[in-house]
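Values in this text are rule-based calculations from the coordinates and carry no lab data. What you see is a predicted model, and the numbers here were worked out from it, not measured in a lab. Cβ: placed from backbone, ideal geometry, glycine included. Neighbour counts: every protein chain shown.
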Amino acid sequence: MSFLQDSVQILTQKNVSPGGKIQIDFPVVIVMNNPTIQLRINNEITSLIYRTVNNQISEYLKVGYKREQINITVSYEIKTNERGALSLAIHAYFFPVPAAHGITVLNSITMDINTAKVYQLNELFRPGINYIP
């Protein structure tokens with residue numbers, strides 16, 4: 001027998017590279033009724049974080065920075081964790097030395113915690129609602 005969940009438990013897994021140039025706080029969903037769904041949710045979150053980091057590193061490499069010049073700090077914020085939905089905002093700050101300042105990249109993910117379905121922006125609105133795609 002399977003029970004639907006309203007919310008999930010989330011722990012923070014802190015990963016710091018040798019030398020501390022890369023610091024990533026990964027949100028990790030734990031203790032779900034369905035371990036397969038739990039793994040899929042965690043894989044989706046991890047993939048989003050790695051895509052965000054790798055895309056921005058690629059942009060810096062294109063303009064002449066070297067990978068070792070880039071400091072990266074990634075954190076997250078839980079936007080909702082109720083009624084079967086989990087929504088996270090991923091904040092990634094990149095500071096390429098010797099630049100005057102860095103850049104923050106914000107990505108988000110909203111998922112059904114009972115199916116691991118990742119919602120697209122247009123799926124979060126009622127049909128006929130005018131949203132900005």
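Details
- Contour excess over end-to-end distance, with Cα ends at Ala99 and Asp6 and 0.36 nm allotted per residue: 29.0 nm
- Annotation: lysines with alpha-carbon distance below 22 angstrom to Lys62 (same-chain offsets under eight excluded): Lys21.
- Option label - Kirkwood radius over Cα pairs in Å computed here, alternatives (1) 16.4; (2) 24.6; (3) 15.6: (1)
- Residues whose amide H falls under 5 Å from that of Lys117, counting only those 5 or more places apart or on a different chain, are Asp112, with hydrogens built in the peptide plane.
- Longest segment of the chain lacking chymotrypsin sites (Phe, Trp or Tyr not before Pro) that sit in a DSSP loop with at most 11 other Cβ atoms within 10 Å: 4-124
- In plain terms, the residue of Arg83, Arg51 with the fewest other Cβ atoms within 10 Å comes first and the most crowded comes last, giving Arg83, Arg51.
- Aspartates and glutamates whose Cα lies under 14 Å from that of Lys117, excluding same-chain neighbours fewer than 8 positions away: Glu44
- Our estimate of slack between Arg67 and Asn43, defined as 0.36 nm per intervening residue step minus the Cα-Cα distance, is 6.2 nm.
- Summarising the amide proton neighbourhood of Ile22: residues at separation of 5 or more, or on other chains, whose placed amide H is nearer than 5 Å comprise Ser17, Ile72.
- Derived scalar couplings ³J(HN,Hα) [the stretch 24-36; Karplus, 6.51 cos²θ - 1.76 cosθ + 1.60; whole Hz; x for Gly, Pro]: 10, 9, 8, x, 10, 7, 10, 6, 8, 5, 10, x, 5
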